[in-house]
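Read the figures in this text as sums done on the coordinates, not as results from a lab. Predicted model, so just to flag it, every value in this text is computed and none were measured. Reconstructed Cβ throughout: ideal geometry from the backbone, glycine too, with neighbour counts over all protein chains shown.
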């Protein structure tokens, strides 16, 4: 459409429209073309075969560890925190179902044992709540003194205090004992930090900063791999499997980001819509935290692209568009035949 420059009213209207446009200078993308270099990243058949082999070895260790033992709780926790829990969902569900079904029986035995470890009780409680089981928090009553506070003697048990802190993150409204547990564990861990070993100190700092409940799956796995490696009691089979799995998934994510970055550059939004944010990598990271597993590769690609298109629409409405622009744009959207629209837009999101 061409504007008639001889018509002053049209020219004045264009000037007025430009005058009312808001201008926001977003920080440019820090990634640029960085991920384009990963276009050739492919997972080899050798890597896939080695992953299957190590997975079966880890599965055997999991199966051979008795469900009623503390070692089973530790192993399940390590599997999940290393980011490989998705490989053993059925086995973990079965084990935790057994632990839940015998929860009251073992809790009653705990009450008869004054020396029962805080670490064991807290870890068992957290894993079950984490899995969605409605276990009661009164299992911590045994650690309360006559004045209603957590026993001072527990302060020396740093690993138990750390597990108590993580368990308290799964509290719900009205659970006063877990509120006390959170305050007791966090305050004392802060005080004890300077006197801890370097490996334990690092683990406690990470937990106080970002507890397991709030941690990122992939970032958390990367951090925990190095922490677990320093643990003298770590399982070498599980550690090696977790490292290989992490590297393979990272390679897959890098390849996906390369494809998405190429798609974004081909659309040339940086020049066509310079007012909009360029947040391709950030959107991918967000979706990756929801669907990181290999079989969700199509969902990650599609949802990342949808998020970026939604971000552009948001910038049009919140920043760049004038009232007249937005009224016209909204009217067009409302008159769309959505079935046909989505069929056509899928071509650009492919």
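Compute the acute angle (0 to 90°) between the alpha-carbon long axis of helix 176-192 and the principal axis of greatest extent of the alpha-carbon atoms of the chain; round to the nearest 10°.
That works out to roughly 90 degrees.
In vacuum, with every alpha carbon of segment 65-234 counted as one equal point scatterer, what does the Debye formula give for log10 I(q)/I(0) at q = 0.12, 0.17, 0.18 Å⁻¹? Two decimals, please.
-0.54, -1.14, -1.29
Using the alpha-carbon atoms, what tilt in degrees (0 to 90, nearest 10) does helix 297-315 show relative to the longest principal axis of the chain?
The helix 297-315 is inclined about 50 degrees to the chain.
Let me check against my output: what whole-number percent is the relative contact order of the chain, with C-alpha pairs under 8 Å and at least 6 apart?
Once divided by the residue count of the chain, the mean separation gives 24 percent.
At a 10 angstrom cut-off on C-beta neighbours, averaged per residue, how do the peptides 66-77, 309-320, 22-33, 153-164 rank from highest to lowest?
153-164, 66-77, 309-320, 22-33
What's the Kirkwood radius of segment 163-246 in Å, using all Cα pairs?
That comes to 14.2 Å for segment 163-246.
Tell me what the chain gives for mean residue ellipticity at 222 nm when only DSSP H runs of n ≥ 4 count, each as -39,500 (n - 2.57), the sum divided by the residue total, rounded to 500 deg cm²/dmol.
-21000 deg cm²/dmol
Can you give the direction-averaged projected area of the convex hull of the alpha-carbon atoms in the chain, in nm²?
Here the figure is 25.2 nm², rounded to one decimal.
Taking Cα atoms, how many degrees apart are the long axis of helix 323-334 and the longest axis of the chain, rounded to 10 and kept between 0 and 90?
70 degrees
Suppose we take every Cα in segment 235-338 and form the convex hull; what volume per residue is that in Å³?
Measuring per residue, one finds 119 Å³ for the Cα hull of segment 235-338.
One quarter of the convex hull surface, Cα atoms only: what value does that give for segment 204-280 in nm²?
If you wrap the Cα atoms of segment 204-280 in a convex hull and average its projections, you get 7.4 nm².
Ranked from highest to lowest mean number of other Cβ atoms within 10 Å per residue, what is the order of the peptides 227-235, 214-222?
Top to bottom by mean Cβ count within 10 Å: 214-222, 227-235.
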